[in-house]
Amino acid sequence: MPMLKKMAVANSLSAKTSIKPVYTLFSGTELVEMNSLIGKRISLQFTGDINCIKCGRKTKKSFGQGFCYPCFVSAPETEECVIRPELCRAHEGVARDMAFARENCLIDQVVYLAVSGGLKVGVTRIHQVPTRWIDQGASWAIVLLTAPNRHSAGVVEVELKKSFADKTKWQSMLKGKDEFEGDLLQEKQRALALVEEASLIHNPADNSIYQIEYPVLQYPEKIKSSNLDKDPLFSGTLMGIRGQYLILEGGVVLNVRSYAGYNVELSF
Ligand SMILES: [Zn+2]
């Protein structure tokens, strides 16, 4: 079954902090290296079928980016703490699946600042660095600190959200406009001062600034978001890829991640 999944990313450079993502799209039957299609016409046709990315069952509607309803309300991948780390209770021994929690919540978590459209704060599991930032379409990122579990990282994030945004400015991001003129290191110092003021526990991190350069021929001036439920055909000349978005000529974009589990035919 040709089921869409979020694109896999690899760095074409060997440097740790200097990243040029290479995207691979798995359409269920084949792996397609998408960077090589930039500048060419592509089409993605939604067949009308959706399968749960967890259990494979057919579902009329997708919940939480690719799950059937039963999985959405029971799978550890969709537990509330994925979106709101401060609600994680794995450190108290409470989770939908403790084995999953031991690998994802009770490991070091990174609190970071990233510039994706604008400056934002976020939390991610340590093994998701730098994938998480690439998925968000960030141009720059810096680690503020590490925390020993998801809950404690979430508490820091809640504190920092009072002074920093926590959402990706995806429209600006897709226009190639990163609305940030400041200095990431200075912002890091400002953030750490706030963490200290709130007496929150944290482990220091190094000051490496990650820089990510996306394969985009030309950014559009206007963005038109595609909805495969309403218009099952997404086609045109691929102008670039940023985050999990395919950007077509004219500014038509598709957030691949939102359509995980959708059965599609990719042609080029
Ligand atoms: Zn399912």
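Derivation of every value follows stated rules applied to the coordinates shown; laboratory data play no part. Here the structure is a predicted model, which means the values were calculated and not measured. A quick note on method: Cβ atoms are made from the backbone with ideal geometry, for glycine too, and the neighbour counts reach across all protein chains shown.
Legend: P(r) of the chain from all alpha carbon pair distances, 10 Å bins from 0, whole percents, reading 7, 27, 33, 25, 7, 0. Computed over the Cα atoms of the range 79-213, pair by distinct pair, the Kirkwood hydrodynamic radius stands at 15.0 angstrom.
In this structure, the amide hydrogen of Ser18, modeled 1.01 Å from its nitrogen in the peptide plane, lies closer than 5 angstrom to those of Gln211, counting only residues at least 5 positions away or on a different chain. Protection proxy ranking for 85-95, 10-20, using the average of other Cβ atoms within 10 Å per residue and placing the highest first: 85-95, 10-20. Counting every alpha-carbon pair across the range 170-234, the share separated by more than 17 Å comes to 65%. With all pairs of different C-alpha atoms in the average, the Kirkwood value for the hydrodynamic radius of the range 68-126 is 12.5 Å. Each residue of the range 135-147 was assigned a 3J(HN,Hα) from its phi angle through the Karplus expression (A = 6.51, B = -1.76, C = 1.60, θ = phi - 60°), giving 4, 7, x, 6, 8, 9, 7, 9, 7, 7, 6, 10, 10 Hz with x at Gly and Pro. When the helices of the chain are scored as -39500 (n - 2.57) per DSSP H run of n ≥ 4 and the total is divided over every residue, the value at 222 nm lands at -4500 deg cm²/dmol. Using Cβ point charges alone (K and R +1, D and E -1), the dipole size of the chain about the Cα centre works out to roughly 680 debye. 3J(HN,Hα) along the range 189-203, derived from phi through the Karplus expression 6.51 cos²θ - 1.76 cosθ + 1.60 where θ = phi - 60°, amounts to 4, 4, 5, 5, 5, 5, 5, 5, 4, 7, 6, 8, 6, 7, 10 Hz, with x in place of Gly and Pro.
At q = 0.13, 0.19 Å⁻¹ the log10 of I(q)/I(0) for the range 2-111 amounts to -0.73, -1.09, computed by Debye summation with a single uniform scatterer per C-alpha, solvent ignored.
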